[in-house]
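Reading through the C-alpha coordinates given below for one structure.
The values are calculated or read from the model by the stated rules, or taken from the named source; none is laboratory data. From a predicted model like this one, the values you see are computed outputs, not experimental measurements. Don't worry about glycine lacking a Cβ; one is built from the backbone with ideal geometry, like all the others, and counts go over all protein chains shown. These area figures cover heavy atoms from the full protein model, side chains too; ligands, DNA and RNA do not enter into them. Shrake-Rupley method; radii C 1.70, N 1.55, O 1.52, S 1.80 Å.
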Amino acid sequence: MSGASLVVDGLRVEFPTPGGVVRAVDGVSFALAPGERLGLVGESGSGKSTTVLALLRMIRPPGRIAAGTVRLGDRDLLALDARAMRAARFAEISLVPQGAMNALNPVLRVRDQIADVMRAHGIDDSDAAIDARIGALLESVGLAREVARLHPHQLSGGMKQRVCIAMSVALQPSVVLADEPTSALDVVVQKQVLATLATVQQRIGASIILVGHDMGLMAQFVHRLGVMYAGRLVELGPVREIFARPRHPYTRALIASLPSLARRGEFRGIPGIAPSLLAPPPGCAFHPRCAQAVERCRRDAPVDRAAGDGHRAACHLVAEDGLAPAD
Ligand code: SF4
(Lines give C-alpha, C1' and ligand atoms only; values in the text may rest on other atoms or scores of the structure.)
Protein backbone atom coordinates (compact mmCIF):
# COMPACT_ATOMS: atom_id res chain seq x y z
CA MET A 1 0.00 0.00 0.00
CA SER A 2 1.60 3.29 -1.00
CA GLY A 3 1.77 5.86 1.77
CA ALA A 4 1.15 3.14 4.35
CA SER A 5 2.48 3.81 7.83
CA LEU A 6 3.13 0.14 8.56
CA VAL A 7 3.62 -2.74 6.14
CA VAL A 8 3.80 -6.27 7.51
CA ASP A 9 4.86 -8.95 5.07
CA GLY A 10 5.07 -12.71 5.62
CA LEU A 11 5.37 -12.48 9.41
CA ARG A 12 6.00 -15.84 11.05
CA VAL A 13 6.47 -16.51 14.77
CA GLU A 14 7.53 -19.90 16.09
CA PHE A 15 7.73 -21.43 19.56
CA PRO A 16 9.79 -24.59 20.04
CA THR A 17 8.06 -27.08 22.35
CA PRO A 18 9.00 -30.61 23.43
CA GLY A 19 6.46 -31.89 20.90
CA GLY A 20 7.78 -29.83 17.97
CA VAL A 21 7.67 -26.30 16.63
CA VAL A 22 4.44 -24.33 17.02
CA ARG A 23 3.75 -21.73 14.35
CA ALA A 24 1.75 -19.18 16.33
CA VAL A 25 1.78 -16.67 13.47
CA ASP A 26 2.06 -18.07 9.99
CA GLY A 27 2.64 -15.79 7.03
CA VAL A 28 0.66 -12.75 8.15
CA SER A 29 0.70 -9.76 5.75
CA PHE A 30 -1.18 -6.46 5.82
CA ALA A 31 -0.63 -2.73 5.48
CA LEU A 32 -1.91 0.03 7.72
CA ALA A 33 -2.75 3.47 6.33
CA PRO A 34 -1.89 6.61 8.30
CA GLY A 35 -4.69 7.39 10.76
CA GLU A 36 -6.39 4.05 10.09
CA ARG A 37 -7.94 1.85 12.79
CA LEU A 38 -7.50 -1.85 12.03
CA GLY A 39 -9.04 -4.55 14.20
CA LEU A 40 -7.63 -8.06 14.61
CA VAL A 41 -10.11 -10.64 15.88
CA GLY A 42 -10.06 -14.36 16.48
CA GLU A 43 -10.41 -16.94 19.24
CA SER A 44 -7.70 -17.17 21.89
CA GLY A 45 -4.66 -18.88 20.41
CA SER A 46 -5.43 -17.54 16.92
CA GLY A 47 -2.20 -15.51 16.90
CA LYS A 48 -3.61 -11.98 17.16
CA SER A 49 -1.79 -10.95 20.36
CA THR A 50 1.39 -12.72 19.23
CA THR A 51 1.26 -10.74 15.97
CA VAL A 52 1.13 -7.47 17.91
CA LEU A 53 3.97 -8.49 20.23
CA ALA A 54 6.05 -9.49 17.20
CA LEU A 55 5.58 -6.02 15.66
CA LEU A 56 7.19 -4.64 18.83
CA ARG A 57 9.77 -7.44 18.90
CA MET A 58 8.57 -8.43 22.33
CA ILE A 59 8.30 -12.19 21.72
CA ARG A 60 9.82 -13.92 24.73
CA PRO A 61 12.52 -16.54 23.97
CA PRO A 62 12.51 -19.36 23.15
CA GLY A 63 9.79 -17.96 20.89
CA ARG A 64 11.22 -16.20 17.85
CA ILE A 65 10.30 -14.28 14.74
CA ALA A 66 11.25 -16.79 12.08
CA ALA A 67 10.41 -14.80 8.93
CA GLY A 68 8.93 -11.62 7.57
CA THR A 69 9.43 -7.87 7.48
CA VAL A 70 7.73 -5.06 9.42
CA ARG A 71 8.30 -1.79 7.60
CA LEU A 72 7.62 1.40 9.51
CA GLY A 73 8.46 4.36 7.30
CA ASP A 74 11.62 3.39 5.43
CA ARG A 75 12.94 0.94 8.03
CA ASP A 76 12.37 -2.74 8.74
CA LEU A 77 11.81 -2.99 12.49
CA LEU A 78 12.90 -6.62 12.43
CA ALA A 79 16.32 -5.59 11.09
CA LEU A 80 17.05 -2.92 13.73
CA ASP A 81 19.67 -3.57 16.40
CA ALA A 82 18.36 -3.83 19.96
CA ARG A 83 19.22 -0.23 20.82
CA ALA A 84 17.47 1.23 17.78
CA MET A 85 14.43 -0.94 18.50
CA ARG A 86 14.30 0.32 22.11
CA ALA A 87 14.38 3.86 20.77
CA ALA A 88 11.57 3.09 18.31
CA ARG A 89 9.25 1.75 21.04
CA PHE A 90 6.97 4.48 22.41
CA ALA A 91 8.47 7.05 19.99
CA GLU A 92 7.35 5.38 16.73
CA ILE A 93 5.32 2.32 17.69
CA SER A 94 3.77 1.81 21.12
CA LEU A 95 1.57 -0.58 23.06
CA VAL A 96 -1.52 -0.16 25.18
CA PRO A 97 -1.24 -3.45 27.06
CA GLN A 98 -3.90 -5.99 27.89
CA GLY A 99 -3.75 -5.74 31.68
CA ALA A 100 -3.28 -2.16 32.87
CA MET A 101 -3.24 -3.65 36.37
CA ASN A 102 0.08 -5.35 35.71
CA ALA A 103 1.52 -2.88 33.21
CA LEU A 104 1.90 -0.04 35.71
CA ASN A 105 4.61 -0.10 38.35
CA PRO A 106 2.74 -0.25 41.70
CA VAL A 107 5.41 1.66 43.65
CA LEU A 108 5.73 4.64 41.30
CA ARG A 109 3.41 7.62 41.05
CA VAL A 110 1.73 8.08 37.66
CA ARG A 111 3.84 11.19 37.08
CA ASP A 112 7.12 9.31 37.55
CA GLN A 113 6.09 6.43 35.25
CA ILE A 114 5.29 8.78 32.39
CA ALA A 115 8.34 10.95 33.10
CA ASP A 116 10.56 7.83 32.96
CA VAL A 117 9.32 7.09 29.44
CA MET A 118 10.00 10.67 28.36
CA ARG A 119 13.47 10.83 29.95
CA ALA A 120 14.43 7.42 28.51
CA HIS A 121 13.71 8.80 25.05
CA GLY A 122 15.91 11.84 25.42
CA ILE A 123 13.41 14.47 26.55
CA ASP A 124 15.57 16.54 28.90
CA ASP A 125 13.09 19.31 29.70
CA SER A 126 13.01 20.79 33.21
CA ASP A 127 10.89 19.01 35.83
CA ALA A 128 8.34 21.82 35.59
CA ALA A 129 8.09 21.46 31.80
CA ILE A 130 7.74 17.66 32.11
CA ASP A 131 5.02 18.15 34.74
CA ALA A 132 3.16 20.50 32.40
CA ARG A 133 3.39 18.00 29.55
CA ILE A 134 2.17 15.16 31.77
CA GLY A 135 -0.73 17.29 33.03
CA ALA A 136 -1.81 18.07 29.48
CA LEU A 137 -1.40 14.42 28.50
CA LEU A 138 -3.60 13.25 31.38
CA GLU A 139 -6.26 15.79 30.48
CA SER A 140 -6.15 14.59 26.87
CA VAL A 141 -7.20 11.12 28.03
CA GLY A 142 -9.99 12.44 30.25
CA LEU A 143 -8.14 12.41 33.58
CA ALA A 144 -7.56 15.28 36.02
CA ARG A 145 -4.03 16.67 36.22
CA GLU A 146 -3.96 15.67 39.90
CA VAL A 147 -3.94 11.99 38.89
CA ALA A 148 -0.20 12.49 38.24
CA ARG A 149 0.38 12.46 42.02
CA LEU A 150 -1.41 9.15 42.61
CA HIS A 151 -0.16 5.58 42.74
CA PRO A 152 -1.81 2.91 40.55
CA HIS A 153 -3.67 1.31 43.50
CA GLN A 154 -5.54 4.60 43.99
CA LEU A 155 -7.02 4.39 40.48
CA SER A 156 -10.03 2.50 39.11
CA GLY A 157 -9.53 0.00 36.28
CA GLY A 158 -10.75 2.52 33.71
CA MET A 159 -8.41 5.22 35.07
CA LYS A 160 -5.44 2.84 34.92
CA GLN A 161 -6.22 2.02 31.33
CA ARG A 162 -6.39 5.75 30.54
CA VAL A 163 -2.96 6.20 32.15
CA CYS A 164 -1.66 3.40 29.90
CA ILE A 165 -3.13 5.20 26.88
CA ALA A 166 -1.46 8.44 28.02
CA MET A 167 1.89 6.65 28.29
CA SER A 168 1.50 5.02 24.90
CA VAL A 169 0.93 8.36 23.15
CA ALA A 170 3.33 10.46 25.26
CA LEU A 171 5.89 10.54 22.44
CA GLN A 172 3.34 10.78 19.63
CA PRO A 173 4.10 7.51 17.85
CA SER A 174 2.78 6.92 14.35
CA VAL A 175 1.40 3.47 15.26
CA VAL A 176 -0.37 2.45 18.48
CA LEU A 177 -1.02 -1.22 19.19
CA ALA A 178 -3.84 -1.90 21.64
CA ASP A 179 -4.01 -5.49 22.88
CA GLU A 180 -7.51 -6.11 24.28
CA PRO A 181 -7.19 -2.80 26.15
CA THR A 182 -10.68 -2.93 27.63
CA SER A 183 -11.13 -6.64 28.34
CA ALA A 184 -11.13 -6.24 32.16
CA LEU A 185 -13.57 -3.30 32.17
CA ASP A 186 -17.35 -3.19 32.30
CA VAL A 187 -19.23 -2.47 29.09
CA VAL A 188 -19.90 1.22 29.72
CA VAL A 189 -16.29 1.95 30.71
CA GLN A 190 -15.07 -0.10 27.72
CA LYS A 191 -16.85 2.23 25.32
CA GLN A 192 -15.61 5.34 27.12
CA VAL A 193 -11.99 4.12 27.06
CA LEU A 194 -12.20 3.22 23.36
CA ALA A 195 -13.72 6.63 22.60
CA THR A 196 -10.78 8.24 24.42
CA LEU A 197 -8.33 6.10 22.45
CA ALA A 198 -9.99 7.23 19.20
CA THR A 199 -9.88 10.90 20.18
CA VAL A 200 -6.21 10.78 21.16
CA GLN A 201 -5.32 8.79 18.05
CA GLN A 202 -6.96 11.38 15.83
CA ARG A 203 -5.25 14.21 17.68
CA ILE A 204 -1.76 12.81 17.09
CA GLY A 205 -2.59 11.35 13.66
CA ALA A 206 -1.53 7.81 14.62
CA SER A 207 -2.89 4.60 13.18
CA ILE A 208 -4.11 1.87 15.52
CA ILE A 209 -4.24 -1.88 15.57
CA LEU A 210 -6.88 -3.01 18.05
CA VAL A 211 -6.71 -6.64 19.10
CA GLY A 212 -9.84 -8.18 20.55
CA HIS A 213 -12.46 -10.86 20.30
CA ASP A 214 -15.57 -8.70 20.66
CA MET A 215 -16.93 -8.31 17.13
CA GLY A 216 -19.58 -5.86 18.34
CA LEU A 217 -16.99 -3.52 19.83
CA MET A 218 -14.85 -3.83 16.70
CA ALA A 219 -17.79 -2.90 14.48
CA GLN A 220 -18.08 0.41 16.32
CA PHE A 221 -14.40 1.28 16.44
CA VAL A 222 -12.33 0.09 13.46
CA HIS A 223 -12.25 0.98 9.77
CA ARG A 224 -10.93 -2.39 8.62
CA LEU A 225 -11.10 -5.80 10.19
CA GLY A 226 -8.70 -8.75 10.00
CA VAL A 227 -9.86 -12.19 11.11
CA MET A 228 -7.24 -14.63 12.38
CA TYR A 229 -7.53 -18.38 12.64
CA ALA A 230 -4.77 -20.82 13.63
CA GLY A 231 -2.02 -18.24 13.13
CA ARG A 232 -3.24 -17.03 9.74
CA LEU A 233 -5.03 -13.91 8.63
CA VAL A 234 -7.96 -15.61 6.89
CA GLU A 235 -9.98 -12.52 5.96
CA LEU A 236 -9.25 -8.81 5.75
CA GLY A 237 -11.41 -5.95 4.52
CA PRO A 238 -13.40 -2.81 5.32
CA VAL A 239 -15.38 -3.50 8.49
CA ARG A 240 -18.79 -2.69 6.91
CA GLU A 241 -18.03 -4.94 3.97
CA ILE A 242 -16.98 -7.79 6.28
CA PHE A 243 -20.19 -7.54 8.28
CA ALA A 244 -22.35 -7.16 5.16
CA ARG A 245 -20.61 -9.79 3.03
CA PRO A 246 -18.31 -12.02 5.08
CA ARG A 247 -16.51 -14.37 2.70
CA HIS A 248 -14.75 -16.81 5.00
CA PRO A 249 -16.98 -19.37 6.75
CA TYR A 250 -15.14 -18.72 10.03
CA THR A 251 -15.92 -14.99 9.81
CA ARG A 252 -19.55 -15.85 9.11
CA ALA A 253 -19.61 -18.06 12.19
CA LEU A 254 -18.09 -15.27 14.31
CA ILE A 255 -20.75 -12.83 13.12
CA ALA A 256 -23.53 -15.39 13.60
CA SER A 257 -22.36 -15.92 17.18
CA LEU A 258 -23.06 -12.27 18.04
CA PRO A 259 -26.10 -11.86 20.28
CA SER A 260 -29.06 -10.53 18.33
CA LEU A 261 -32.48 -9.20 19.26
CA ALA A 262 -34.07 -11.51 16.71
CA ARG A 263 -32.64 -14.59 18.47
CA ARG A 264 -33.28 -13.50 22.05
CA GLY A 265 -31.78 -15.86 24.59
CA GLU A 266 -30.31 -18.15 21.96
CA PHE A 267 -26.52 -18.44 21.98
CA ARG A 268 -24.99 -19.67 18.77
CA GLY A 269 -21.38 -20.77 19.31
CA ILE A 270 -18.95 -22.07 16.71
CA PRO A 271 -18.98 -25.88 16.72
CA GLY A 272 -15.74 -27.75 17.42
CA ILE A 273 -12.60 -26.49 19.08
CA ALA A 274 -9.67 -24.40 17.87
CA PRO A 275 -7.02 -26.66 16.31
CA SER A 276 -3.72 -27.62 17.92
CA LEU A 277 -1.01 -25.46 16.39
CA LEU A 278 1.46 -28.27 17.02
CA ALA A 279 -0.35 -30.54 14.59
CA PRO A 280 -2.79 -28.36 12.65
CA PRO A 281 -5.24 -30.14 10.35
CA PRO A 282 -3.90 -30.58 6.80
CA GLY A 283 -5.25 -28.33 4.06
CA CYS A 284 -7.44 -25.58 5.49
CA ALA A 285 -7.00 -25.52 9.29
CA PHE A 286 -10.70 -24.66 9.65
CA HIS A 287 -11.96 -27.68 7.72
CA PRO A 288 -12.89 -29.90 10.71
CA ARG A 289 -15.31 -27.15 11.88
CA CYS A 290 -16.45 -25.88 8.50
CA ALA A 291 -19.92 -26.82 7.31
CA GLN A 292 -18.95 -25.90 3.74
CA ALA A 293 -15.73 -27.93 3.53
CA VAL A 294 -15.19 -29.86 0.30
CA GLU A 295 -12.66 -32.57 -0.47
CA ARG A 296 -10.03 -30.09 -1.57
CA CYS A 297 -10.18 -28.31 1.81
CA ARG A 298 -8.77 -31.40 3.53
CA ARG A 299 -5.84 -31.50 1.14
CA ASP A 300 -4.76 -28.01 0.02
CA ALA A 301 -4.20 -24.91 2.14
CA PRO A 302 -6.22 -22.05 0.61
CA VAL A 303 -4.34 -18.95 -0.53
CA ASP A 304 -5.48 -15.36 -0.25
CA ARG A 305 -7.92 -14.29 -2.94
CA ALA A 306 -9.43 -10.92 -3.72
CA ALA A 307 -13.03 -10.92 -2.51
CA GLY A 308 -14.04 -7.38 -3.42
CA ASP A 309 -12.57 -3.91 -3.20
CA GLY A 310 -9.84 -4.02 -0.56
CA HIS A 311 -11.32 -7.29 0.68
CA ARG A 312 -9.53 -10.62 0.66
CA ALA A 313 -10.14 -14.06 2.09
CA ALA A 314 -8.25 -17.35 2.21
CA CYS A 315 -10.92 -19.90 1.34
CA HIS A 316 -11.23 -22.26 -1.62
CA LEU A 317 -14.84 -21.22 -2.07
CA VAL A 318 -13.92 -17.62 -2.87
CA ALA A 319 -13.79 -17.73 -6.65
CA GLU A 320 -10.91 -16.33 -8.69
CA ASP A 321 -13.12 -13.48 -9.85
CA GLY A 322 -13.53 -12.36 -6.26
CA LEU A 323 -17.17 -13.38 -6.01
CA ALA A 324 -18.05 -15.63 -3.14
CA PRO A 325 -20.23 -18.67 -3.76
CA ALA A 326 -23.86 -18.52 -2.73
CA ASP A 327 -24.45 -19.16 0.96
FE1 SF4 B 1 -14.22 -24.06 4.77
FE2 SF4 B 1 -12.80 -25.05 2.75
FE3 SF4 B 1 -13.09 -22.45 2.94
FE4 SF4 B 1 -11.55 -23.74 4.67
S5 SF4 B 1 -11.20 -23.54 2.49
S6 SF4 B 1 -13.03 -22.20 5.17
S7 SF4 B 1 -12.70 -25.67 4.92
S8 SF4 B 1 -14.72 -23.94 2.60
**Asked** Carbon and sulfur: what percent of the chain's accessible surface (1.4 Å probe)?
**Response** 55
**Item:** Solvent-accessible area of LYS160 with every protein chain in place, 1.4 Å probe, in Å² to the nearest 10
**Value:** 20
**Item:** Length gained when the stretch ALA256-GLU43 is fully extended (0.36 nm per residue, less Cα-Cα span)
**Value:** 75.2 nm
**Item:** Computed magnitude of the charge dipole of the chain (debye, nearest 20; Cβ of K, R +1, Cβ of D, E -1)
**Value:** 460
**Complete:** In this structure, the FRET efficiency calculated for ASP116 and LEU278 from their beta-carbon separation, with R0 = 51 Å, to the nearest 0.05, is 0.80
**Prompt:** What number in nm² do you get for the stretch 50-180 if you take the convex hull of its Cα atoms and divide its surface by four?
**Reply:** 8.5
**Fill in**
The value for the stretch 65-139 (convex hull of the alpha-carbon atoms, volume per residue, Å³) is 140
**Asked** Given +1 on the Cβ of Lys and Arg, -1 on the Cβ of Asp and Glu, and no further charges, what dipole in debye does the stretch 22-176 carry about its Cα centre, rounded to the nearest 20?
**Response** 360
**Asked** Tell me, what is a quarter of the convex hull surface for the C-alpha atoms of the chain, in nm² with one decimal?
**Response** 18.2
**Fill in**
Cα extents of the stretch 176-266 along the principal axes, largest first, in whole Å, come to 37, 30, 23
**Message:** What number comes out for accessible area per residue over the chain if the probe is 1.4 Å? Units Å², please.
**Reply:** 47
**Fill in**
If unit charges are put on Cβ atoms (+1 for Lys and Arg, -1 for Asp and Glu) and the dipole of the stretch 138-267 is taken about its Cα centre, the option from GLN192, PRO246, HIS151 lying farthest towards the positive end turns out to be PRO246
